[in-house]
Structures are given as C-alpha cells and as structure tokens.
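Trainee: Quick one: this structure, given as structure tokens, is what I'll be asking you about.
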Amino acid sequence: MSEERRFRIGDLAKLTDTTPRTIRYYEEIGLLASSEEREAGAHRTYGKEDLERLRELLRLRELLGVSLDELRELAAAEGARASLRAEWDEGIEDPVRQRQVLEEAAGHIDDQLELVRRRRDEIDTLRRELEAKRRRVRDRLRAARRAKAG
C-alpha cells in the first residue's frame, strides 16, 4: 500500500496559484481543515484532498466573487454533499434513507444555485448600468461632434 503524497504549504500554494498566507488564513477561519498534527518546528503538510478543496474554494471565490461568509456557506454545502455522496457510494439498502440522502443533496445544490443566481443577477444589473452609461456617453459624443461641425 503506497503512502499518500503530501505537500508542504509552499508547494500547495504554487499548485493553486495562491500564497501560503491565504492557505493559513483559510485554515484559521475554518474554510480549510488545519494541516495534520505536527511536532513543533515541523512543516505543515497537505494531501490530495486538501489540494482539491483549496482549488475549489479559490475557483468559487474567483468565479463568483463571493464574500468569505458566502464561500464558507458554499464550502459547507459541498462538504455535506461529499459526505452524502460517500454514504451513497458505500451502498444504502434502505429506500427511505436513499430518498433522504437524495433530498438532502438536492437541498444543498439548491442553496448553491441560489447563491449563483444572486451573483448572476448582480452581474446583470451591473451590465445594464454600464450599457446605459455607455449610451449616455455616446449620445453626448454625437452631440459634441454635431456642435463642432455646425
């Protein structure tokens, strides 16, 4: 049985294009699990699961522009879904529990989709505002050109 590859914090930061400071901060606020227990003076190390979780957190932050609280909500929902998925993958005999797992997973997905919809609506509002500003500027530019030509 092979041992899981471990990454030092600097390596993890390079692999995710972030900084060790960000990783430590995400640990402090509970977005990322603290690295395994280590002896005083020993380096922090992280596994593949940590790498994948950090990549997902950074992707969500970048893509959605979410606050840390919203990122925490998304991460909690994703963690809950991962637990449900693991339970499902182990095999659930009881049809009632199967429905419960699927309903819980759907609820978490609905919560995540609501946040995505809110962000999309905010972006749509900003787009409309910018388009209106562009129309006003272009109208003024046309008027200024006419005034100069006249």
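Readers should treat all values here as calculations from the given coordinates under stated rules, not as data from a laboratory. It should be emphasised that the depicted structure is a prediction, and the values quoted were computed from it without experimental measurement. Please note: Cβ atoms are built from the backbone with ideal geometry, for glycine as well, and neighbour counts cover all protein chains shown.
Trainee: Ranked highest first by average number of other Cβ atoms within 10 Å, how do 96-103, 76-83, 123-130 line up? Can you show the working numbers first?
Mentor: Details: 96-103: 12.5, 76-83: 15.2, 123-130: 10.2.
Highest to lowest by the protection proxy: 76-83, 96-103, 123-130.
Trainee: Could you point to the label whose value was computed as Rg/Rh (Cα atoms, Kirkwood Rh) for the structure here, given [x] 1.05; [y] 1.22; [z] 0.95?
Mentor: Among [x] 1.05; [y] 1.22; [z] 0.95, the one derived from this structure is [y].
Trainee: Provide the net charge surrounding Arg145, with neighbours chosen by a C-beta distance below 13 Å and charges set as Lys +1, Arg +1, Asp -1, Glu -1. Walk me through the intermediate numbers first.
Mentor: Values: positive: Arg138, Arg140, Arg142, Arg146, Lys148; negative: Asp139.
Net of charged neighbours comes to +4.
Trainee: Continuing with this model, one more query. In deg cm²/dmol and to the nearest 500, what is the mean residue ellipticity at 222 nm of the chain if only DSSP H runs of at least 4 residues count, each as -39500 (n - 2.57), divided by the residue total?
Mentor: -26000 deg cm²/dmol
Trainee: While we're looking at this one, here's another question. With Cβ to Cβ distances under 13 Å as the rule, what net charge do the other residues near Ile123 carry (K, R +1; D, E -1)?
Mentor: On the way: positive: Arg117, Arg118, Arg119, Arg120, Arg127, Arg128; negative: Asp121, Glu122, Asp124, Glu129, Glu131.
Local charge sum for Ile123: +1.
Trainee: Under Stokes-Einstein, with the Kirkwood radius over Cα pairs standing in for Rh, what whole-number D in µm²/s applies to the stretch 85-136 at 10 °C and 1.306 mPa s?
Mentor: Rounded, D is 114 µm²/s.
Trainee: Here is a further query. Only Cα pairs under 8 Å and at least 6 apart count here; give the relative contact order of the stretch 48-150 as a rounded whole percent.
Mentor: Values: 24 pairs, mean separation 23.6, N = 103.
Result for the stretch 48-150 is 23 percent.
Trainee: In whole Å, how far is the Cα centre of the stretch 73-150 from that of the stretch 42-69?
Mentor: 19 Å
Trainee: Next up: First select every other residue whose beta carbon is under 12 angstrom from the beta carbon of Glu114; then total the charges, Lys and Arg +1, Asp and Glu -1.
Mentor: -1
Trainee: List the relative contact order of the stretch 1-117 as a percent without decimals, with contacts defined as Cα pairs under 8 Å and 6+ residues apart.
Mentor: Values: 76 pairs, mean separation 24.9, N = 117.
Computed over the stretch 1-117, the figure is 21 percent.
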